[in-house]
Every structure is written in structure tokens, then in C-alpha cells.
Amino acid sequence: MLSRAEMRVRLEQALRGIVIVVLAVMLWQSLLQQTDSGGQTVSGRGIGGALAKWSALPKAPGRIHVQLDSAPSPIERAWLSALAGAGSSVTWSGDLAPVMIDAQPVASPAGGTRVLVAAPHGSPVVVSDDVGPIDTVRAQDTGAMLTLSSEPDLLTARVKGSIASTAPHDSIELRKILVIGDAGWESKFVVAALEEEGWKVDAFIRLAPGVDVTQGSAAPIDTSRYSAVIALDGAASPYANRIIEFARTGGGIVLAPQAASLDALAPLRAGAVGRAISESRPIQTGGSVGLATLALAPVTSLKSDAIPIEQRAGATAIAARRINAGRVLQLGYEDTWRWRMGGGEGAVRDHRMWWTRLVSSVAYAQRIPGTADTVSPDEAPIVGLVATVGPSMPAGRSVNLSETRSNWLAATFLLLALCLTGEVGSRRLRGAG
């Protein structure tokens, strides 16, 4: 017959076995929840109906996985985020091309819209407005740029199954352009090119030391009167301090090589002014002078914050940098009037548009907010998807935090029970012995 001590030991062993079995069953059930059939998987085409169905259930599915072939809309992303907030573990997978679009009004009297698209290198990007496709461009490096003469209400960029959209509605207010230079062909034709394109131009023209001619009003050089200043040569030296302050307060600056070589304008330079590496060809009747044949004083030894904008034969022809809120373009091209006067057919138009693009890229323009968007833009759909749902994850790899905590809790109780019951049993056996 068993003694009382032996009966207690047997009872404790039985109870320990029951506890172990119960905890093992709990752990098994917790683990089973991650591999049961409670998860829901849907393809991108059926996501709309599935979202409505899941939202009508008394309890949201434990796991939701969406296989995407196109980026979901902002409403669908918000819906998935709401299901995740209700306790569902939401994941997605799919080969979606990242794309982003931005559109800004062009700082030009002719107006227009500058469209910037970020997309994988080499990807064809279809740009469309609210009427239909406008153009297909191929992304270079990390994106593409397109300038439109119109101002559409809605713009989209499609890369494979990803569509980004934006609704530009702001407008801008331009001010005058100030040209400073010596009396000569360059000053004459820079002013003419800008006025032909619709810019309002003031000019400070130096005829001789101490003798200046002013076109327009002799207004202070600040952003309340001017959008940009074009400094062509040494005539800008007396105005250097005002030009530098103009740039620091947001004004745009274009420096021709002779002006950039002035010590007084050194704080604005994007780099040093190199020696001319070619000579301008003389004006010929056949018209062979072009941008590629103009004399070039390359921009060398770029400053750390300067960016090369244009290259010619391996040398930097145009560089840019920011000065506080202002933007500065430093040119390497000399005597651009030769292009206008000695070029072929269309040289006058090309010279005019070239100078307009330069000024537009730096011009200060006051932004005027437009009316509220009539459509909801989706400028970066993949960024929005990752921000609301998370990064791409294959089906079956989802992790539910509440289930994980249950698993760890069950395992902890199991280990604790094993330790306590083992310790009590060993003490009883020693006491019985």
C-alpha cells in the first residue's frame, strides 16, 4: 500500500502531466491560428468587392493578402488600412513600378506646365491629361521631364500598372527681368530675345565708365520689382552687392562668363571660369553658327553645392546652385548673339527660346493659390501603399502581433509550469526518502 508521501508525489505527477497537456494544446491552437483557413487572399482586380464583403462581416478576417497587378486607389488603400486597424493582418505582393508625378506652372509669359515624373530608369512613361494621352517619354536616370504649353486640370503618369496623378491649380505672378551689360550686340539681342517672348525688360546699359543708359524705370533691385537679373559683363560690378542680396532673398540670377569672373560676384559663382576652349566661327552667309560652335568658357572646379546642368565635349557649359532662397545659373557660352545673327533657319526662334528657358528656370515668381481640387490627386501611389499597408510581403509571411503575443505567453506559462512542478516533485521525493 502506498504511503501518504508516495500518493502525493503520484498526484503531483498526474497534475503536472495534465498541466503540460493543457498548455501544449493551448500552444498548438495558437500556432494553428497562423496556418488555418481564416486568411483571405484576393487579386487586385477583385479588391473592391472583397473589401466591401470583409467590412460587412461580424469579425474581420485574421489575415488579408492582396496580390496586386496595379496600384490600388487612395480609397482602397484607406480601406485596407482600416481593416488593419480592426485587427486584420494585411499584406500585399506584386511587381509594381514606383512612380511619382509633380506639375508646376512655368515661370514664363507664355505660361505652360512643367511635368516632373520619377520612374525606374528606362521605363516608358505615358503622360496624359483629362482628355487623353499627351506623350510617351522614357525615364532617364531616375525620371523624366516634360513641358506643356497648356495648363490642364488633371495630369497622370502611367508606368506599367502604376498610375500617379496630380491636379495643378496654382498660378504665378511674374515681374520684370533686369539685364545689365555693356553696350553691344550681346546686350542688344538678349533684351530683344526676352521682349519677343513677352517678358517685360528693364536694362542698365553701360556706354562708358560712368555713363549709363537705362531702359525702363530705374527701380531698386529686389523681388518686389524683378523676377531675375541677367549680368552679362563688367557693367554689373557696381551693382554686385544689390545683386547678391537679391539672390539671397529669392531672386533668380543668370551670370554670363564675363560677369561670373568678377571678384565682386564671386559669392554667386557655381564654379571657376575656365579659359575658352573654342573660338566662335565668323558669321557666314550659309548660317553655320549654333550653340555647339559658340566660344565656351567652361565652368570648372564646381562648388560642393553646385550642379552641372549642361555638358559640351566633356566640359560643363552651364551650372547651377542655390543661394539661400534664390537660384543662380552660371553660363559658359560667350557671345550668344552670334548664334542669332549667324545661325541657320530658325536661329532667331531658337535663341529666343533658349534664353527664355534659362530665365524661367531661375525666375522668382509669386505663387497664387488656386481653387480647391475637384479631384483627389494621387501623386505617389506606391509610397502611399507602403505608408498605409507596409512593404511588399509574399502570401503566408504575415505576422499578427496579437497571435505572436499569445504564442509567447503560452510558451512562457509552459516553461514556468515545468520548472515549478519539477521543483515541487523533487522536494517531495527527497522528503519521502
Inset, instruction - Note down the nm distance, to one decimal, between modelled labels 7 Å out along Cα→Cβ at Ser3 and at Asn324. - result: 9.6 nm
Inset, instruction - Measure off 7 Å from each Cα along the Cα-to-Cβ vector at Lys303 and Met393, then give the distance between these two points in nanometres to one decimal. - result: 4.8 nm
Legend entry - Candidate lysines for bridging to Lys176, where Cα separation is under 27 Å - those fewer than 8 sequence places away on the same chain excluded: Lys188, Lys200
Legend entry - Packing-based ranking, highest mean first, of 259-267, 135-143 given that Cβ atoms within 10 Å are counted: 259-267, 135-143
Legend entry - Simple label model, 7 Å out from Cα along Cβ direction - Ala110 to Asp141, nm: 2.5 nm
Legend entry - Net charge, Gly234 excluded, C-beta distance under 13 Å - Lys, Arg +1, Asp, Glu -1: -4
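What does the highest-first list of 269-275, 144-150 look like by mean Cβ count within 10 Å?
Listed from highest to lowest mean packing, they are 269-275, 144-150.
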Legend entry - Contour excess over end-to-end distance, with Cα ends at His121 and Asp69 and 0.36 nm allotted per residue: 16.7 nm
Inset, instruction - Taking the dipole about the Cα centre of segment 77-155, with the C-beta of Lys and Arg at +1 and of Asp and Glu at -1, give me whichever of Ala119, Ile134, Ser88 is farthest to the positive side. - result: Ser88
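Under 15 Å from the Cβ of Asp263, count the other residues' Cβ atoms, weight Lys and Arg +1, Asp and Glu -1, and hand me the total. Spell out each step's value before the answer.
Numbers: positive: Arg269; negative: Asp233.
Surrounding charge for Asp263 is 0.
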Legend entry - Highest-first arrangement of 347-355, 206-214, where packing means the average Cβ count within 10 Å: 347-355, 206-214
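How compact is segment 141-232 by the rule of thumb for globular proteins, expressed as Cα Rg over 2.2 N^0.38 Å?
Here the Cα radius of gyration is 1.60 times the empirical estimate.
Rule-based calculations on the coordinates, nothing more; no lab input. Because the structure is a prediction, the values reported are computed rather than measured. Cβ: placed from backbone, ideal geometry, glycine included. Neighbour counts: every protein chain shown.
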